[in-house]
Amino acid sequence: MRLYRTFTFVFTSIATGLAAAFLVLVFKPDFLGEPQYSASPVMTLARQEGPVSYADAVQKTAPAVVNIFTTTLTRREAHPFFSDPLFRRFFGEELSQPRVEKRNNLGSGVIVNKNGYIITNHHVIENASEIRVVLRDGRSMAARVVGTDPETDLAVLQASGEDFPVAQLGRSEDLQIGDVVLAIGNGFGLGQTVTMGIVSALGRQSLGLTSYDNFIQTDAAINPGNSGGALINPYGDVIGINTAIYTKSGGSEGVGFAIPAQLVNKVFKQIRDKGRVVRGWIGVTTTQAVTPELAQALGLGDAKGLLIAQILRNGPADKAGIKPGDVIQKVNGIEAKTARVMVDLVADIQPGEDVKIELTRDGNSQTVHVEVIERPTNLD
């Protein structure tokens, strides 16, 4: 009898425990500390996976980022008062002579070729009488200007030395808003400095900074002295050249702009091979995107594209029969959605080649072939 009672007690306890455990697992699965799994499919976003440290990326590129120091000599004429004969009689000739003033400037640059070719901003070396570059390893050397392109604010230098570290230009066209980026340069002349942020916007235009503006916007701190430095991705590839900041205080306020590597590479190759940048042009000087309101006001129907407002007399477009009031729809088969798109498409065509322009005039479609010429350098 005693054995039977013991067996009954043990069996009842076990059964009660199993029942309680079952109820807990069904109604309170988190009570035991186990995770709950959603029935929703799990998405793996590769772009969200990033390193804890970006030291490897910096180490890959930073040796190829140089500090640039320039000296500019300017001639300052004496005030006409100092040229008065009476003044010169009492104070001599010295004050009446022009004075030469020396001004120093600083910036950054990126070595992109084993032969010492350096990419920087045009405004960093503009009118410089002397240019010196200092590498991260402490080497200091003179540099010469190979060529400049004020319309993109880019310049190419060549340093007089050997055994140069080289940075790798990446694919800026693969960038997305939110990607992590790092800026490397000589901020405030303190020496090489690295800052981090994200891509805030892409394709920034109409900023009035350059004629061909298509900037990467970033909140990575870019300060005076960073101009011409590298904007890199987490893998150490240069995806932009830091160029400008929006600031009210003189320092970084989280709005910086960089020239995309795709454009940088295109300009660099032309300057390296030709000493200058050659762009195509057809003499269409003023266009405006056709909006529904504009189309209705001008009686253009459902026309879409770019309305030509002005062309150069006897220019390529004029000679080909294009007229103000025509609406350009495609350039070499690509839709001309904005003036920037059309300008860039034509600029990439070599002078002497033809470009196919599809347009509408008075509601009728036409195709015109225009011979491209080199874009004049004195255009605003």
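The values are calculated or read from the model by the stated rules, or taken from the named source; none is laboratory data. In this text, all values refer to a predicted model and were calculated from it rather than measured experimentally. Quick reminder, even Gly has a Cβ in these numbers, built from the backbone with ideal geometry, and neighbours come from all protein chains shown.
Considering segment 310-331 alone, what residues qualify as being under 15 Å from D362 (Cα atoms) and either touching a residue at least 60 places away in the same chain (Cβ under 8 Å) or not β-branched (V, I, T) (or both)?
G321, K323, P324, G325, D326, Q329
Please return the ranges of strands (runs of 3 or more DSSP E) entirely within segment 107-185 where 1 or more residues are of a type outside the set (F, W, Y) and closer than 25 Å to Y54 by Cα.
The qualifying strands (runs of 3 or more DSSP E) are 117-121, 130-134, 180-185.
Looking for whichever is touching a strand residue (DSSP E or B) at 6+ places or on another chain (Cβ under 9 Å), farther than 27 Å from T210 by Cβ, outside the structural domain of K266 (by TED's automatic domain parsing) and not in a helix (DSSP H, G or I) here; the options are K330, K337, K323. Which one fits?
K323
For S249, state whether it is among the polar types (S, T, N, Q), assigned to a loop (DSSP other than H, G, I, E, B) and surrounded by fewer than 17 Cβ atoms within 10 Å (Cβ to Cβ).
yes
I'm trying to understand the selection: among the residues of segment 130-154, which are of a type in the set (A, V, I, L, M, F, W, C) and free of Cβ contacts under 8 Å to residues at least 40 places away in the same chain?
M141, A142, V145 - these are the residues of segment 130-154 that are of a type in the set (A, V, I, L, M, F, W, C) and free of Cβ contacts under 8 Å to residues at least 40 places away in the same chain.
Among the residues in segment 111-124, are any without any contact (Cβ under 8 Å) to a residue 40 or more places away in the chain and not aliphatic (A, V, I, L, M)?
Yes, there is a match, as at least one residue in segment 111-124 is without any contact (Cβ under 8 Å) to a residue 40 or more places away in the chain and not aliphatic (A, V, I, L, M).
Among the residues of segment 237-258 satisfying the criterion of being β-branched (V, I, T) and at pLDDT below 95, which is nearest to D153 (Cα to Cα)?
Ranking the qualifying residues of segment 237-258, first place goes to T243.
Go through (1) under 21 Å from L190 (Cα atoms); (2) at pLDDT 95 or above; (3) exposed (fewer than 15 other Cβ atoms within 10 Å of the Cβ); (4) not hydroxyl-bearing (S, T, Y) for D137 and report which single condition fails.
The single condition D137 does not satisfy is (2).
Could you list, in sequence order, the residues of segment 252-273 that are part of a loop (DSSP other than H, G, I, E, B), on the phi < 0 side of the Ramachandran plot and over 13 Å from the mean Cα position of the chain (by Cα)?
The answer is S252, E253.
Tally the residues that are surrounded by fewer than 18 Cβ atoms within 10 Å (Cβ to Cβ) and hydroxyl-bearing (S, T, Y), restricting the search to segment 158-189.
1
Take R276 and tell me if it is part of a helix (DSSP H, G or I) and either touching a residue at least 24 places away in the same chain (Cβ under 8 Å) or among the hydrophobic types (A, V, I, L, M, F, W, C) (or both).
No.
Within the bounds of segment 332-348, is there any residue that is touching a residue at least 60 places away in the same chain (Cβ under 8 Å), under 15 Å from G280 (Cβ atoms) and buried (at least 19 other Cβ atoms within 10 Å of the Cβ)?
yes
Only one of (1) at pLDDT 90 or above; (2) crowded, with 21+ Cβ neighbours inside 10 Å; (3) more than 25 Å from T338 (Cβ to Cβ) is not met by A261, so which one is it?
Of the numbered conditions (1) at pLDDT 90 or above; (2) crowded, with 21+ Cβ neighbours inside 10 Å; (3) more than 25 Å from T338 (Cβ to Cβ), the odd one out for A261 is (3).
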